[in-house]
Structure formats: C-alpha cells, structure tokens
Amino acid sequence: MQRAVRLDLYRRLLRLRLVEERIAELYPQQEMRCPVHLSIGQEAAAVGVCAALEKGDWSMSGHRPHAHYLAMGGDLNAMMAELYGRATGCCGGKGGSMHLIDRKAGFMGATAIVASTIPMAVGAAFGSQVRGEKRVVVSFLGDAAVEEGVFHEAANFAVLKKLPVVFACENNLYSVYSGLGVRQPKGRVIHRQAASYGMKALAGDGNDVEESLALARQAVAWARSGKGPVFLELATYRWREHCGPNYDNDLGYRTMKEYRAWRKLCPLEAYERVLRKAKLLGDAELGLMRKDIAAELDAAVRFAKDSPAPDPKTLMTDVYAGAA
Amino acid sequence: MKFGEAVREALDFCLGADPDVVVMGLGVPDPKGVFGTTVGLQKKHGAKRVMDMPTAENGMTGVLLGATLAGLRPVMVHQRLDFAVLAVEQIVNQAAKWRYMYGGRQSAPLVFRLITGRGWGQGTQHAQSLHSWFAHIPGLKVVMPATPGDAKGLLISAVEDDDPVVFIEHRWLHGVHGDVPAGAHRVPLGSARVARAGHDVTLFGVSYMVLECLRAAEFLAEHGVSAEVFDPRTLRPFDEAAFLASVRKTGRLVVADTSWTFSGFSAEAAALAADKAFSALKAPIKRLGLADCPMPSTPALANLCYPRAQELVDAAWSVCGKAGPAPRLPAPTTPLDVPDPSFTGPF
Ligand SMILES: Cc1ncc(C[n+]2csc(CCOP(=O)(O)OP(=O)(O)O)c2C)c(N)n1
Ligand SMILES: [Mg+2]
C-alpha cells in the first residue's frame with residue numbers, strides 16, 4: 001500500500017479516537033445532554049470500511065454512529081453541535097448523538113432502535129438499483145442487530161434482488177451488558193449464518209485497519225459488480241461503557257482479563273507500530289498530526305459551544321413537509 | 001421504599017408465590033438490572049425463570065405468548081416502551097385477541113413492563129408514552145402506577161391477572177419514595193385513587209403527571225383553590241364510577257397526560273366527563289399533554305414539550321374563573337431535563 005494511503009488511514013483512526021476521547025472528557029461538564037455511545041476501540045472497522053467506498057456511496061448506522069459518520073466524511077462541527085443540542089447541529093438539535101446525518105457525505109442517517117436501519121440501507125440500495133444508479137450502500141450493525149427479525153427479512157430481499165449492500169457487522173461480543181452467550185447459541189458464527197441466505201460472507205480482524213480495508217474492498221467490489229449483497233463481520237471490542245463516557249468493567253459483566261487482552265489489540269497502537277516499523281511514521285509526523293487534529297477539535301468544540309440553542313419556534317417545524 | 005424497589009419487590013413476590021411466573025427481557029439479569037428493578041432476581045429464583053433474551057422483541061413476545069399455552073405466566077420487560085413497538089404485532093394482533101377469538105378457550109396471562117423515558121436528550125425514539133394506543137385495544141389491560149405502593153400492588157395484580165396487561169412505568173418515578181406494604185399487597189386493576197381531596201377542580205394525572213398535579217394542588221391551596229387530584233392507576237379497565245364521582249363533585253376537569261393530547265387518553269377522559277357528567281360541568285374541560293411533535297433531543301426544545309405544575313395551575317385558575325393572572329410557582333432549581341439533581345445522564 002502506498003505511503004500516503006497508509007498515513008491517511010492512520011490519521012483517520014487517530015482522528016476518531018481523539019474526537020471521542022474529547023467527548024468523554026467534556027461529557028461530565030453536562031453540556032452534552034443526550035446519551036452517547038462511543039466507538040473507542042472500534043475505530044478500525046469504521047475507517048477500513050468507509051475507506052473502501054467511492055464518492056456517491058452511502059451508509060447508515062445505529063445507536064453508535066459517531067465513527068461511521070466521521071469516517072464517511074461527516075461534518076465534525078455539525079456533529080459536535082448536535083451533541084451539544086445546538087441549532088447548528090446536523091439535525092438542528094432534534095436528533096442528538098444517536099441520529100446523526102450528513103447526506104452530502106453519504107451518511108444517510110442513524111437510528112436508536114437496534115437493527116432498524118438495516119432494511120433502510122437495503123431499501124436505499126433497492127431504490128438506487130431501480131433508478132439505475134451505481135451505488136453501494138453500507139449498513140453498519142452490531143452483533144445484536146442480527147437477532148432482530150428485520151435483519152433476516154431485509155437480508156432475504158437483498159439476496160433476492162441482488163442488491164449492492166454491504167452489511168458491515170462490528171462484532172464486539174456484547175449487547176449492552178449481555179454477552180453473546182445469553183443471546184445466540186454456542187458455536188454460532190454470524191457471517192456463516194448470513195452466508196446461508198445466499199450472500200457472500202467475509203470476516204476478519206476489525207482492529208486491523210488494513211485488513212478491514214482489504215475485506216471491505218472485496219465486499220464493495222462484489223456488491224458493485226451486481227453479484228448481490230455481502231456480509232462482512234469484523235471482530236472488535238468496545239472499551240468504555242455501553243452508553244456514556246466512563247469505563248464499566250467494575251460492573252462485572254465482562255472479565256478484566258478479556259478487557260485487557262482486547263486493550264492490547266488497540267487498533268491505533270497496532271497500526272502505529274506497523275507504520276513506525278515501515279519507517280513511515282515517526283515522532284515528528286505523529287506530533288504534527290495530533291496537533292492538527294487537536295486544533296480541528298478545539299475549533300469544533302468552540303463552534304458547538306458558541307452556537308445558539310435552537311429557536312423555540314423550530315419546535316413545531318419539520319413535523320410535516322411544507323411546514324418550514 | 002423507592003418506586004423501582006417496589007417493582008422489584010413485586011416481581012420477587014410473584015416469582016416466589018407462583019413457580020409458573022417467569023421474567024424475561026434484555027438486560028434483566030445484567031448488573032444494572034433494568035434500573036435496579038430486576039437486580040438479584042436471577043440469583044434468587046434461578047436462570048430458568050429469570051433471564052435475558054436475544055434482541056428480538058416481536059419474536060420473543062410470541063414465544064412468551066406461546067409459553068402461556070404450557071401454563072407459564074411471563075413478565076416481559078422492556079427498558080423503553082419504544083422497543084415494545086417492535087412487538088406490537090404479537091401484543092395487539094395476537095395476545096389481545098387470544099381469549100376472544102378462540103371463544104374463551106385461550107387465555108394470555110402476560111405482563112409487559114414498559115418504561116417510558118424522559119429527559120437527558122432521550123429524543124424521538126426513547127421517550128414515547130404510547131399508553132393510549134394500548135388502551136385503545138379491547139383485550140388489553142393498561143396499568144400506569146404513580147406511587148411505589150401502587151407499583152407493587154398493581155404489578156402483583158397484573159401478574160395474577162389472566163389477561164395481557166401492559167404495565168407502564170415512567171422513568172422519572174423510579175427514584176420516588178413512598179410507603180409500600182410488605183408481603184402480598186394487591187391493588188385491584190380498574191380501581192382509581194383520589195390522591196388528594198378537593199372540591200373546586202379535578203386534576204386528572206396520568207402516571208408521572210400525578211406528581212405534577214399534586215404540586216399544583218398544593219400551590220393552588222395556598223391561593224384559595226381546592227383541587228382534587230385523581231389518579232386513575234389503570235386506564236383499562238377504567239374506574240369510571242370514581243372518575244365521574246370526582247367530576248360531579250368539583251364540576252371542573254383538567255386532564256394532564258404524559259403523552260400527546262390529540263387522539264390520546266386525555267380525550268377519552270374528557271369525552272367520558274362530557275358524556276356522562278355534562279350537567280355537573282361548570283366550565284369547559286382542559287387538557288394538557290406533550291407538544292404535538294416528536295420529542296426532540298436537545299433540552300432547549302424538549303423542555304418546551306412537557307406540561308408541568310405551572311401549566312396545571314394556569315389551567316385550574318382559568319377553569320375556576322379566577323380573576324387576574326394565575327399565581328406563579330417558584331422557578332424550578334434543578335434543570336428541567338432531569339428527574340432530580342442526582343441524575344447526571346447518560347441514560
Ligand atoms: C429494538 C431495540 N431493542 C433494544 C434496544 C436497547 N439497546 C440499545 S443499544 C443495544 C445494544 C445493541 O448491541 P449491538 O447491536 O451489538 O451494538 P453495540 O452496542 O455493541 O455497538 C440495545 C439492546 C434498542 N435500542 N432497540
Ligand atoms: Mg455489540
């Protein structure tokens with residue numbers, strides 16, 4: 001892979017990490033008054049998958065959408081302002097953290113109901129196919145989303161119509177504090193189950209950004225060529241609490257041993273090691289990147305905090321079309 | 001005892017009293033135990049009867065409905081009412097019809113514990129209070145307790161009831177304290193409660209709005225208005241006799257709902273009063289509910305959506321024909337999007 005591509009991947013990973021660490025740091029100020037689900041530890045899957053897309057491709061996500069939105073190129077200022085509930089937020093403050101959208105960047109929405117955007121992503125691909133638009137649509141989902149009926153209904157239709165959809169499943173082993181063991185039978189391999197519907201299935205290390213990218217490229221190429229949907233399962237792990245800025249290992253729903261093992265597999269540190277070894281990245285470049293991103297973030301936080309709250313008049317707008 | 005603990009006590013009682021009772025829901029056995037309401041139950045009553053489930057609301061509702069065929073009496077728990085919307089097919093098309101369409105040969109002794117969210121940016125899909133939907137359906141019972149004692153007493157009655165019961169808990173009630181009788185405390189479904197007696201106006205509150213009604217009534221008393229606070233406790237079956245008695249006594253009615261007014265339960269209450277107590281009414285009926293839009297996330301807008309004690313005071317003042325502007329309650333000292341100062345988000 002070219003030096004510039006690799007450095008860019010690293011930079012994207014670092015940016016996601018720093019954005020969410022900043023959110024975690026600022027959250028206790030109680031100015032972001034909405035639930036936040038952070039993707040810290042899961043960045044490589046988002047970056048790898050989105051880096052495989054072309055302009056004009058779309059994606060949708062669920063309750064944990066920050067990384068997907070940003071990896072698609074979603075506007076950082078508008079996301080921060082949305083978390084702060086400001087008029088300049090990507091939904092004008094009406095959505096909050098779980099409902100990000102940036103249509104210009106191809107991020108077509110996220111919703112708080114588990115699995116509900118899966119059929120929508122399939123539908124976006126269906127609509128595009130009907131209109132003859134060559135577009136791939138990525139549906140970001142978690143390991144719990146495949147337990148919902150809509151996943152299976154939508155997957156069936158996607159295969160039936162050979163729709164250009166990539167189901168990008170970030171398997172982080174948990175749904176809130178419930179491990180896979182109480183939700184799916186022992187031995188279940190999610191992507192194999194998906195394959196049984198007749199779609200192509202791929203799987204790999206979601207903490208390895210190059211592997212995620214390589215798999216996503218295969219998936220996207222397959223989908224774009226008209227062969228139908230692909231299920232891409234990426235193994236990863238959420239570091240912090242399910243919802244909120246803190247750590248929750250004290251609750252005892254997962255072991256410290258497991259947590260520490262995954263922490264060692266930090267997608268960011270792993271890639272940094274790779275790039276340093278290849279002599280592509282040194283302290284100087286890293287320092288510069290960090291400084292750049294920090295400046296961008298400072299500006300975004302300032303933008304959000306300085307933005308006005310939504311005008312009370314907007315409460316009743318957007319309920320229906322034509323009402324401003 | 002807190003409301004949330006009372007819910008837990010009721011479940012504990014039912015699990016202990018009847019081996020056919022099972023409790024299932026996402027996160028039921030997890031360390032946080034659905035806001036504390038299921039903590040320790042799995043340990044005490046076993047993983048066979050108290051359990052987590054796949055993220056599959058509609059399917060699992062059908063599974064539990066099917067389990068009633070074998071004699072189980074399941075309690076299904078949803079951390080947000082909005083998640084049960086996925087299961088409306090099984091609840092409305094199936095469970096609600098079960099007894100009737102089989103000519104009485106089936107029974108669906110199920111309880112759905114649904115928690116209504118509010119505050120801290122819960123937004124469009126985590127703060128809906130859709131009790132009016134459920135109350136619309138013959139075959140379903142709908143319970144909305146406002147006190148810890150009623151939470152326990154009504155939940156026990158709901159579990160022991162032979163029909164499907166939608167039991168709706170307002171998230172902001174979970175931390176509220178109150179007296180809870182020990183042991184087998186039952187409050188019959190379909191029995192209302194006068195939470196505070198008065199003679200000038202009836203303030204009808206649904207769920208959390210009972211608390212706002214009580215605040216308003218207390219304040220109104222200082223200003224020469226005697227408000228009666230009526231807590232229906234169950235919306236279906238509805239205690240029409242108690243409701244009409246209150247309206248006939250005061251001659252004035254203000255209904256405060258936790259949801260939208262349009263086509264909602266407040267319309268049912270107003271219609272009943274107009275239909276059956278018309279001659280007693282001295283003033284038009286007033287209804288208070290959410291702003292008629294989906295719930296926005298930002299507190300700047302969400303705070304505008306909820307009626308509070310002040311709006312109740314204003315409404316009571318107006319229906320009582322009082323001169324001049326209504327007296328103002330002291331401004332709230334805690335932010336409007338949290339139930340109490342101890343709540344710091346995020347869920
Ligand atoms: C239909 C529905 N049921 C339950 C919930 C509550 N809930 C919110 S996030 C979540 C966990 C989902 O797990 P997963 O899909 O693996 O995503 P992760 O949080 O691990 O990223 C659950 C159960 C919900 N939002 N929607
Ligand atoms: Mg998960």
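General remarks:
- Any helices (runs of 4 or more DSSP H) falling wholly within region B:256-333 and containing at least 3 residues that are assigned by TED's automatic domain parsing to the domain that holds residue B:208 and farther than 19 Å from residue B:136 by Cα: B:299-302, B:309-319
- Looking only at region B:222-252, residues that are closer than 25 Å to residue B:166 by Cβ and either without any contact (Cβ under 8 Å) to a residue 40 or more places away in the chain or not in a helix (DSSP H, G or I) (or both) come to 14 in all.
- Restricting region A:235-279 to residues that are of a type in the set (A, V, I, L, M, F, W, C) and part of a helix (DSSP H, G or I), the residue that is nearest to residue B:343 (Cα to Cα): A:251
- Checking each residue in region B:159-199 for being touching a Cys at 6+ places or on another chain (Cβ under 9 Å) and either free of Cβ contacts under 8 Å to residues at least 24 places away in the same chain or crowded, with 24+ Cβ neighbours inside 10 Å (or both) picks out only B:159.
- Residues in region A:1-49 that are crowded, with 23+ Cβ neighbours inside 10 Å, within 14 Å of another protein chain (Cβ to nearest Cβ) and β-branched (Val, Ile, Thr): 1 in all.
- Contact map, region A:140-153: first residue of a type in the set (Val, Ile, Thr), second residue within 10 Å of ligand 2 (Cβ to nearest atom), Cβ cut-off under 7 Å, separation 6 or more or different chains; pairs are A:146/A:169.
- Those residues of region A:188-205 which are out of contact with any strand residue (DSSP E or B) (no Cβ under 6 Å at 6 or more places or on another chain), over 25 Å from residue A:43 (Cβ atoms) and open to solvent by less than 70 Å² (accessible area, probe 1.4 Å), in sequence order: A:193, A:198
- Unique match (being of a type in the set (Phe, Trp, Tyr) and within 24 Å of residue A:22 (Cβ to Cβ)) among A:197, A:253, A:271: A:271
- Restricting region B:231-248 to residues that are buried (at least 23 other Cβ atoms within 10 Å of the Cβ) and in contact with a Gly (Cβ under 7 Å, 6 or more places away or on another chain), the residue that is farthest from residue B:132 (Cα to Cα): B:231
- Region A:48-69: number of residues that are within 16 Å of ligand 1 (Cβ to nearest atom), hydrophobic (A, V, I, L, M, F, W, C) and farther than 19 Å from residue B:126 by Cβ: 2
- Region A:155-179, subset open to solvent by 10 Å² or more (accessible area, probe 1.4 Å), within 26 Å of residue B:89 (Cα to Cα) and of a type in the set (A, V, I, L, M), residue farthest from ligand 2 (Cβ to nearest atom): A:160
- Some residue of region A:61-75 being under 25 Å from residue A:312 (Cα atoms) and either part of a loop (DSSP other than H, G, I, E, B) or open to solvent by 10 Å² or more (accessible area, probe 1.4 Å) (or both): yes
- Figure legend. Inter-residue proximity from region A:245-267: first residues in contact (Cβ under 8 Å) with a residue 12 or more places away in the chain and over 20 Å from residue A:44 (Cβ atoms), second residues open to solvent by 80 Å² or more (accessible area, probe 1.4 Å) and among the acidic types (Asp, Glu), beta-carbon distance below 8 Å, spacing 6+ or different chains. Indicated pairs: A:245/A:25.
- Some residue of region B:140-150 being in a loop (DSSP other than H, G, I, E, B) and touching a Gly at 6+ places or on another chain (Cβ under 6 Å): yes
- In region B:41-58, the residues that are assigned to a loop (DSSP other than H, G, I, E, B), more than 10 Å from chain A (Cβ to nearest Cβ) and open to solvent by less than 50 Å² (accessible area, probe 1.4 Å): B:46, B:49
- Among the residues of this structure, residue A:188 counts as one that is within 16 Å of ligand 2 (Cβ to nearest atom) and of a type in the set (Lys, Arg).
- The single residue among B:68, B:61, B:38 that is within 22 Å of residue B:180 (Cα to Cα) and either in a helix (DSSP H, G or I) or within 20 Å of the chain's Cα centre (by Cα) (or both) turns out to be B:38.
- Residues satisfying the stated conditions in region A:63-107, i.e. more than 14 Å from chain B (Cβ to nearest Cβ) and in contact (Cβ under 8 Å) with a residue 40 or more places away in the chain: A:67, A:68, A:69, A:70, A:71, A:76, A:77, A:106, A:107
- Only residues that are part of a helix (DSSP H, G or I) and in contact (Cβ under 8 Å) with a residue 60 or more places away in the chain were counted across region A:287-324, and they come to 13.
- Selection within region A:169-191 - among the hydrophobic types (A, V, I, L, M, F, W, C), more than 9 Å from chain B (Cβ to nearest Cβ) and over 18 Å from the mean Cα position of the chain (by Cα): A:180, A:189, A:190
- Residue check for residue B:30: without any contact (Cβ under 8 Å) to a residue 60 or more places away in the chain and not in a helix (DSSP H, G or I): yes
- Tallying residues that are touching a helix residue (DSSP H, G or I) at 6+ places or on another chain (Cβ under 9 Å) and within 14 Å of another protein chain (Cβ to nearest Cβ) within region A:225-280 yields 8.
- Check on residue B:86, modelled with pLDDT of 95 or more, in contact with an Asp or Glu (Cβ under 9 Å, 6 or more places away or on another chain), more than 14 Å from every other protein chain (Cβ to nearest Cβ) and crowded, with 18+ Cβ neighbours inside 10 Å: no
- Only residues that are in a helix (DSSP H, G or I) and either surrounded by fewer than 16 Cβ atoms within 10 Å (Cβ to Cβ) or not aromatic (Phe, Trp, Tyr) (or both) were counted across region A:217-229, and they come to 7.
- Considering residues of region B:104-133 that are outside any loop (DSSP other than H, G, I, E, B) and open to solvent by 10 Å² or more (accessible area, probe 1.4 Å) only, the residue nearest to the other protein chains (Cβ to nearest Cβ): B:133
- Inside region A:174-191, residues that are of a type in the set (A, V, I, L, M, F, W, C) and near ligand 1 (Cβ under 8 Å from one of its atoms) make up a count of 1.
The values are calculated or read from the model by the stated rules, or taken from the named source; none is laboratory data. Quick caveat, the model's predicted, so the values are computed rather than measured. Cβ coordinates were reconstructed from backbone atoms using ideal geometry, including for glycine residues, and neighbour counts include every protein chain displayed. With ligands, DNA and RNA removed, areas are computed over all heavy atoms of the protein, side chains included. Shrake-Rupley method; radii C 1.70, N 1.55, O 1.52, S 1.80 Å.
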